[in-house]
Amino acid sequence: MRPVRTLVVVADDENARFVLNEGVGKGLSECAVLSVAQFAEDTITYDDRPGRGSGGAAGRHGYEAGATADEMGRDRFARHLSEALEQEWRELSPDRLILVAPPKMLGVLRTRIGSGPRAAVSAELAKDLVKVPLADLAGHLESVLVA
């Protein structure tokens with residue numbers, strides 16, 4: 001019987017790690033690491049002056065009114081992360097996906113990931129484990145990796 005290959009995405013608002021498990025008892029191997037700093041060209045800068053066309057007319061923006069800078073940054077990083085996930089998904093051809101992120105980022109990831117990986121999500125953990133060493137990560141994922 002072929003072992004079940006599981007891709008685990010461990011993320012927060014600024015960093016992400018892609019970790020692969022090749023089957024029960026095989027441990028974890030890190031495939032890729034992303035950081036918000038890699039996408040610095042996509043950073044929004046703020047100005048204290050009103051922008052063009054702000055003369056009272058309702059403008060159209062890429063984010064809903066009232067979105068904070070943190071929410072916009074989280075969404076922007078989730079977009080880049082989902083693009084990287086699509087690439088890793090094609091290259092690695094895993095059987096299932098586990099998402100691990102703090103609650104707010106987990107919610108954004110749910111809406112951003114593509115249909116292929118989304119259909120393979122077998123578990124979600126609402127925890128911030130991005131800085132946990134690889135050797136210790138397996139212990140945190142034990143309950144969802146064997147399921």
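The values are calculated or read from the model by the stated rules, or taken from the named source; none is laboratory data. As the structure is a computational prediction, the values presented were derived from the model and not from experiment. Virtual Cβ from ideal backbone geometry, glycine too; neighbours counted across all protein chains shown.
Taking Val4, is it surrounded by 10 or more Cβ atoms within 10 Å (Cβ to Cβ), at pLDDT 85 or above and not in a loop (DSSP other than H, G, I, E, B)?
no
Being surrounded by 14 or more Cβ atoms within 10 Å (Cβ to Cβ) and farther than 19 Å from Gly27 by Cα: is that true of Glu88 here?
So Glu88 does not fit the description; no.
Please pick out the residue among Ala32, Ala69, Ala65, Ala11 that is at pLDDT below 75 and either touching a helix residue (DSSP H, G or I) at 6+ places or on another chain (Cβ under 9 Å) or aliphatic (A, V, I, L, M) (or both).
On the way: Ala32 fails: at pLDDT below 75; Ala69 fails: at pLDDT below 75; Ala11 fails: at pLDDT below 75.
That would be Ala65, the only listed residue that is at pLDDT below 75 and either touching a helix residue (DSSP H, G or I) at 6+ places or on another chain (Cβ under 9 Å) or aliphatic (A, V, I, L, M) (or both).
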